[in-house]
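The values are calculated or read from the model by the stated rules, or taken from the named source; none is laboratory data. Keep in mind that what you see is a predicted model, and the values were worked out from it rather than measured. Here the Cβ positions follow ideal geometry from the backbone for every residue, glycine too, while neighbour counts run over all protein chains shown.
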Amino acid sequence: MKASYHHINLQFKSPAGTSRGVLLQKPTSFLILEKDDFIGIGECSTIPDLSIDPHETYNQKMDELCRVINSGQQLDSLDLLAYPSIAFGLETALLDLEASVSKNLFPSAFTEGKTGIPINGLVWMGDKDFMQKQIRDKITAGFRCIKLKVGAIDFETEVELISGIRKEFSASNMEIRLDANGGFTASNALNKLERLSGYNIHSIEQPIKPRQWEVMAEICLKSPIPIVLDEELIGTAPDEEMLKTIQPAYVILKPSLLGGFKVAEEWIRLAEKHKIAWWITSALEANIGLNAIAQWTATLGSKLPQGLGTGQLYHNNIPSPLEIRDAKLFYNNNETWDLSSILS
């Protein structure tokens, strides 16, 4: 087996605002495995200031991975614990290499184009006009579950935007999810959650920064809005004690930030053991990573809208059969992959 990798910077069509700042571009690398005239591709995708993968040694670790593979050494000699995105890319590249059809990692009704995966419509932070336009676009596109990033701009403006949605759509017609990305503080979180609860909010992700278990547990206990853990899971192995202590309503699984599908499945097992619900979210991957996550998600049988609508964010994404119709993600077998920018 031969290994190499190709690096690109994905360019956002519009600035992607979160409580951690505004993203204009995002780095990603594609691991390419070749064996007996077959090719497997996995995406190693990181997010600045969120991924735990050390930026300063990232390329060195990719070089090491390729050396190990090209020299015929055992893959278990590699330590990828600190590089979950590379572990994810390796897992998916191997799956692609062994797939009977290229890019068909988890065959299902989804990959046959027969069923779509319900997804939420993501609204990024920005000024009021920008956010209102995104909301209108999502509603026009048929979304009935919208996820808004909150916690970075003026809180009263955010409340006004949410209030505007609720004036037009009841909770039975439009589900509103919020994502604070840790933007609230221990001292103001409950007050803000109380304000927001008047608008029939489905849930809110990570109201405060992670690694504050006792504070988060109190917020989960007292919050009038169900709490979702997101960043809390990144950078730690599946931790039953953490789930028991905090007792959230939901957890979000991002395989490329957690270290792959096997790790995410262990989080799901622990969550279900403690009656904690979950859904899957992509983490700004290009279509290679998104495709792998979507196909895996389709095998899990979840009925909740998933967070898999990020494939349209970039000017220079990898052309693929993935498309969004009627607020669902579909795999259109009439379309083909264009891998020329990776394999050239």
For S341, indicate whether it is over 15 Å from the mean Cα position of the chain (by Cα), among the small types (G, A, S) and either in a loop (DSSP other than H, G, I, E, B) or closer than 23 Å to L253 by Cα (or both). no
Unique residue being outside any loop (DSSP other than H, G, I, E, B), of a type in the set (D, E, K, R) and either in contact with a Leu (Cβ under 6 Å, 6 or more places away or on another chain) or under 21 Å from E43 (Cα atoms) (or both) when the list is D76, D137: D76
Over segment 111-130, the set of residues out of contact with any strand residue (DSSP E or B) (no Cβ under 6 Å at 6 or more places or on another chain) and either touching a residue at least 12 places away in the same chain (Cβ under 8 Å) or under 20 Å from F12 (Cα atoms) (or both) is E112, T115, D127, K128, D129, F130
Matching residues in segment 226-247 (within 23 Å of S197 (Cα to Cα) and surrounded by fewer than 22 Cβ atoms within 10 Å (Cβ to Cβ)) number 3
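Residues checked against (1) over 19 Å from K13 (Cα atoms); (2) in contact with a strand residue (DSSP E or B) (Cβ under 7 Å, 6 or more places away or on another chain):
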{"site": "A286", "(1), (2)": "no, yes"}
{"site": "T297", "(1), (2)": "yes, yes"}
{"site": "G301", "(1), (2)": "yes, no"}
{"site": "L304", "(1), (2)": "yes, yes"}
{"site": "L313", "(1), (2)": "no, yes"}
Does at least one position in segment 124-136 carry a residue that is of a type in the set (S, T, N, Q) and either surrounded by fewer than 16 Cβ atoms within 10 Å (Cβ to Cβ) or outside the structural domain of C66 (by TED's automatic domain parsing) (or both)? yes
So, of the residues in segment 325-336 that are in a strand (DSSP E or B) and modelled with pLDDT of 95 or more, which turns out to be surrounded by the most Cβ atoms within 10 Å (Cβ to Cβ)? Y331
Going through segment 9-55 in order, the residues found to be buried (at least 18 other Cβ atoms within 10 Å of the Cβ) and among the β-branched types (V, I, T) are T18, T28, I32, I41, T46, I47
Quick one: which helices (runs of 4 or more DSSP H) sit completely within segment 144-237 and have at least 1 residues that are under 23 Å from G307 (Cβ atoms) and free of Cβ contacts under 8 Å to residues at least 12 places away in the same chain? 155-168
Being more than 18 Å from M1 (Cα to Cα) and either free of Cβ contacts under 8 Å to residues at least 12 places away in the same chain or of a type in the set (D, E) (or both) is the filter here; which residues of segment 60-105 pass it? Q60, D79, V101
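Going through F88, F130 one at a time, which residue ends up being of a type outside the set (K, R) and either over 20 Å from T297 (Cβ atoms) or not in a helix (DSSP H, G or I) (or both)?
Answer to the selection: F130.
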